[in-house]
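A short worksheet on the structure shown next.
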Amino acid sequence: MSAATSEFELAFVLHARPYQETSQIIEVLAREHGRVGIVARGARRPSSRWRSVLQPFQPVRLSWSGRGSLQTLRAAEAEAHALPLQGMGLMAAFYLNELILNFIRRGDPHPGLFMAYAQALDELRQYPDPEPALRRFELALLAEAGYGLNLDHDVLNDVALDPHASYEYRIEHGPVPAEAGQGGLVLSGMALLAISRGELDDPGVLQSAKRLLRGVLAHYLDGRALRTRQVLASMRRTPPQPQPQPQPQLS
């Protein structure tokens with residue numbers, strides 16, 4: 001296998017795990033090289049110059065080289081400091097990372113996915129509701145992984161969707177008129193067309209997109225559970241705890 005090398009390529013750290021006594025193996029999404037596995041030697045030492053740089057959701061410039069499935073980190077610099085993610089936005093960002101690790105193989109370039117990921121992180125920082133950003137990223141991820149969805153064409157009759165009709169979405173094929181189906185994922189033509197255009201402001205369309213993409217992702221995950229999705233669902237079920245009220249002071 002030929003040697004690979006990259007010089008200060010823009011990237012995001014997706015995941016890190018300990019390696020040997022003081023090192024880490026990091027999985028990154030790089031703008032030109034896609035997903036890359038990299039050994040960061042000594043990165044877990046308190047004195048390591050890389051310790052504060054190799055953080056998730058922050059753009060970094062990385063240089064690496066090596067042969068095989070794991071590269072060796074040679075340099076790492078912070079590209080810019082982005083505002084920290086918090087609460088639901090932070091968990092949603094971890095969900096994006098988990099999706100990439102499940103759907104994207106090492107070594108395949110995905111510049112389009114890199115841009116979609118950076119855009120999703122920006123949206124998660126700007127808006128309190130993470131759902132539109134998640135749905136747009138899921139659509140981009142499926143397209144980049146080779147599972148792009150047909151959302152504007154009736155595959156049974158080979159015609160454009162009617163916004164006033166209902167359709168059953170058949171995974172790996174596309175929409176068919178609902179009366180020709182046997183149940184399953186039934187959505188309106190209007191919702192499918194809006195999803196295809198990325199227009200997710202309407203709550204009904206957003207809910208339809210969530211139903212559709214949850215079914216499609218589950219199909220391609222083939223039984224693999226996403227831990228972050230379970231945590232997100234738990235956070236939504238847990239009501240916020242009331243803040244203690246100050247007690248009146250006796251004069």
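The values are calculated or read from the model by the stated rules, or taken from the named source; none is laboratory data. It should be emphasised that the depicted structure is a prediction, and the values quoted were computed from it without experimental measurement. Cβ placement follows ideal geometry from the backbone for every residue including glycine, while neighbour counts extend to all protein chains displayed.
Below, the figures for the structure above:
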{"quantity": "Residue match in region 62-80 (condition: more than 26 Å from Asp222 (Cα to Cα), among the aromatic types (Phe, Trp, Tyr) and either touching a Lys or Arg at 6+ places or on another chain (Cβ under 9 Å) or surrounded by 20 or more Cβ atoms within 10 Å (Cβ to Cβ) (or both))", "calculated": "yes"}
{"quantity": "Residue list for region 1-50, filter: within 14 Å of Ser65 (Cβ to Cβ) and in contact with a Pro (Cβ under 8 Å, 6 or more places away or on another chain)", "calculated": "His33"}
{"quantity": "Verdict on Glu168 being surrounded by 15 or more Cβ atoms within 10 Å (Cβ to Cβ), charged (D, E, K, R) and within 30 Å of Pro56 (Cα to Cα)", "calculated": "no"}
{"quantity": "Residue pairs meeting the criteria (Cβ under 9 Å; at least 6 apart or on separate chains; first assigned to a strand (DSSP E or B), in region 155-176; second among the basic types (Lys, Arg))", "calculated": "Val176/Arg170"}
{"quantity": "Residue match in region 29-39 (condition: more than 15 Å from Gly107 (Cβ to Cβ), touching a strand residue (DSSP E or B) at 6+ places or on another chain (Cβ under 6 Å) and not assigned by TED's automatic domain parsing to the domain that holds Leu113)", "calculated": "yes"}
{"quantity": "Residue match in region 16-39 (condition: free of Cβ contacts under 8 Å to residues at least 40 places away in the same chain, closer than 24 Å to Asn102 by Cα and among the charged types (D, E, K, R))", "calculated": "yes"}
{"quantity": "Lone unmet requirement of (1) in contact with a strand residue (DSSP E or B) (Cβ under 7 Å, 6 or more places away or on another chain); (2) at pLDDT 80 or above for Tyr220", "calculated": "(1)"}
{"quantity": "Conditions (1) surrounded by fewer than 20 Cβ atoms within 10 Å (Cβ to Cβ); (2) in contact (Cβ under 8 Å) with a residue 40 or more places away in the chain; (3) part of a loop (DSSP other than H, G, I, E, B): number failed by Leu54", "calculated": "(1)"}
{"quantity": "Subset of region 177-193 that is assigned to a strand (DSSP E or B) and of a type outside the set (S, T, N, Q) - its residue that is surrounded by the most Cβ atoms within 10 Å (Cβ to Cβ)", "calculated": "Leu187"}
{"quantity": "Inter-residue pairs, beta-carbon under 9 Å, first under 13 Å from Pro130 (Cα atoms) and in region 197-215, second assigned to a loop (DSSP other than H, G, I, E, B), 6+ apart", "calculated": "Leu206/Asp129; Leu206/Leu200"}
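Each row is one residue, and each column tells you yes or no for (1) assigned by TED's automatic domain parsing to the domain that holds Glu123; (2) in contact with an Asp or Glu (Cβ under 9 Å, 6 or more places away or on another chain); (3) more than 26 Å from Gly112 (Cα to Cα).
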site	(1), (2), (3)
Arg135	yes, no, no
Glu138	yes, no, no
Tyr147	yes, yes, no
Val155	yes, no, yes
Pro163	yes, no, yes
Tyr167	yes, yes, yes
His173	yes, no, no
